[in-house]
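The values are calculated or read from the model by the stated rules, or taken from the named source; none is laboratory data. The shown structure was predicted, so the numbers you read here are calculated from the model rather than taken from an experiment. Positions of Cβ are generated from backbone atoms using ideal geometry, with glycine treated the same way; all protein chains shown enter the neighbour counts.
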Amino acid sequence: MKTGRILASEIAAYLRCPRLIYFRSQSEDAEQRIIDTKYLTRLILKELALTHHCTVARDGVGDADDADNTAAIKQLRTELKRITDELLVLYRAELSGVDQQMVVDAADSIDIDVISAQIAEYVRIIGKDALLTKITPCAVEHTLYSDALGIAGAPDKLVRINGGILPYLIRTGEKPDQGAWKPDRLQITACAMLVEETFGQTVKYGIVEYARFFELREVQIRLKDRRKILELRNRIRRIKDGKMPDRPRDAPCEFCAYTENCVTQRSLASKFF
């Protein structure tokens, strides 16, 4: 990544806690993650979400005579079993030393019935073809760069709808009652701006999938969010230049890898953040 570029994902990290950006930029080592069942579940959910277009395309899925969603449940369980078996190979570096039983336990916590029921509901409301158009990737984790914006990012998927390319993010946590969480809304906005720069088109919305529930949320790309992206880009650049910001009162410190190094004193530069 060229000097001065920030990652779209860093915008979401900044909104969690600006000091995450500082400590990550100051450390030459990869961030140490707490590898527990919840973390493994998130990895599995993401991998499963990347296969949903294959499940929806299967014969019998969404058919009116399949009231109990047998076809979708069967295919989802097949994909889940494959992902469970392959996860430690796929994430060999990140999951070094993890026991396979932990992966199995994580997979067991995923409610396939909830996902299959929501697939059936989308098919009923918008139709199978429309759902496939919405979720079928034309690229997966394709990195986009913009020197003009000073931003880079890799949406989980790019999808093609009505001739245009849209960014698509997969989120594995809880879903809001409506719309998308603020960090997700701003990250999808940053990705939309990258798509516009890369493909020379206007992006009116992006899609955020809350994978635990197969809940698809269309996020309108708004002018005020575009402005916010450029503002946060400048703040993140200053942090990477060594300006430590204050730690927010609601910072998620409990599981942070940098807790021991995180000082609480207000620095002179923190007034800018």
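Within the stretch 224-237, is there a residue that is assigned by TED's automatic domain parsing to the domain that holds A190 and either modelled with pLDDT under 90 or touching a Lys or Arg at 6+ places or on another chain (Cβ under 8 Å) (or both)? The answer is yes; a qualifying residue exists. Do you know which of the residues in the stretch 189-220 that are farther than 25 Å from T55 by Cα and among the hydrophobic types (A, V, I, L, M, F, W, C) is surrounded by the fewest Cβ atoms within 10 Å (Cβ to Cβ)? Among residues in the stretch 189-220 that are farther than 25 Å from T55 by Cα and among the hydrophobic types (A, V, I, L, M, F, W, C), the one surrounded by the fewest Cβ atoms within 10 Å (Cβ to Cβ) is F199. For first residues located in the stretch 188-199 and touching a residue at least 60 places away in the same chain (Cβ under 8 Å), partners that are among the hydroxyl-bearing types (S, T, Y) and assigned to a helix (DSSP H, G or I) and lie 6+ apart or on another chain with Cβ distances below 9 Å form the pairs A190/S9. Considering the conditions (1) in contact with a Lys or Arg (Cβ under 8 Å, 6 or more places away or on another chain); (2) in contact (Cβ under 8 Å) with a residue 40 or more places away in the chain, A71 is excluded by exactly one of them, (2).
Which one is nearest to L131 (Cα to Cα) among residues in the stretch 186-223 that are assigned to a helix (DSSP H, G or I) and in contact with a Lys or Arg (Cβ under 7 Å, 6 or more places away or on another chain)?
Per the criteria, the residue is T189.
Of everything in the stretch 26-50, what is among the small types (G, A, S), surrounded by 15 or more Cβ atoms within 10 Å (Cβ to Cβ) and either at pLDDT below 95 or closer than 22 Å to C262 by Cα (or both)? Give them in sequence order. Please lay out each step first, then the result.
At the first step, the residues of the stretch 26-50 found to be among the small types (G, A, S) are 27, 30, 49.
Pick out the ones that are also surrounded by 15 or more Cβ atoms within 10 Å (Cβ to Cβ) and you get 49.
Within the stretch 26-50, no residue meets the criteria.
The rows are residues; the columns are (1) over 25 Å from T41 (Cα atoms); (2) among the hydrophobic types (A, V, I, L, M, F, W, C); (3) surrounded by 18 or more Cβ atoms within 10 Å (Cβ to Cβ).
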site: K81; (1), (2), (3): no, no, no
site: L87; (1), (2), (3): no, yes, yes
site: A93; (1), (2), (3): no, yes, no
site: D129; (1), (2), (3): yes, no, no
site: K134; (1), (2), (3): no, no, yes
site: D156; (1), (2), (3): no, no, yes
site: V159; (1), (2), (3): no, yes, yes
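Taking the criterion of being in contact with a strand residue (DSSP E or B) (Cβ under 6 Å, 6 or more places away or on another chain), modelled with pLDDT of 95 or more, on the phi < 0 side of the Ramachandran plot and not in a loop (DSSP other than H, G, I, E, B), would at least one residue in the stretch 178-185 satisfy it? Taking every residue of the stretch 178-185 in turn, at least one turns out to be in contact with a strand residue (DSSP E or B) (Cβ under 6 Å, 6 or more places away or on another chain), modelled with pLDDT of 95 or more, on the phi < 0 side of the Ramachandran plot and not in a loop (DSSP other than H, G, I, E, B).
May I ask you to list the residues in the stretch 151-175 that are over 12 Å from the mean Cα position of the chain (by Cα) and in contact (Cβ under 8 Å) with a residue 40 or more places away in the chain? So that I can check it myself, show each step before the final result.
Filtering the stretch 151-175 for residues over 12 Å from the mean Cα position of the chain (by Cα) gives 151-152, 158-166, 174-175.
Within the stretch 151-175, I151, A152, V159, L166, K175 qualify.
Residues that are over 30 Å from N234 (Cβ atoms), in contact (Cβ under 8 Å) with a residue 60 or more places away in the chain and out of contact with any helix residue (DSSP H, G or I) (no Cβ under 8 Å at 6 or more places or on another chain): does the stretch 117-127 have at least one? Yes.
Residue count for the stretch 10-24, restricted to those that are farther than 12 Å from Y258 by Cα and either modelled with pLDDT under 90 or surrounded by fewer than 21 Cβ atoms within 10 Å (Cβ to Cβ) (or both): 3. Do the conditions hold for P245, that is, is it touching a Pro at 6+ places or on another chain (Cβ under 6 Å), at pLDDT below 95 and farther than 14 Å from I11 by Cα? For P245, the condition - touching a Pro at 6+ places or on another chain (Cβ under 6 Å), at pLDDT below 95 and farther than 14 Å from I11 by Cα - is met.
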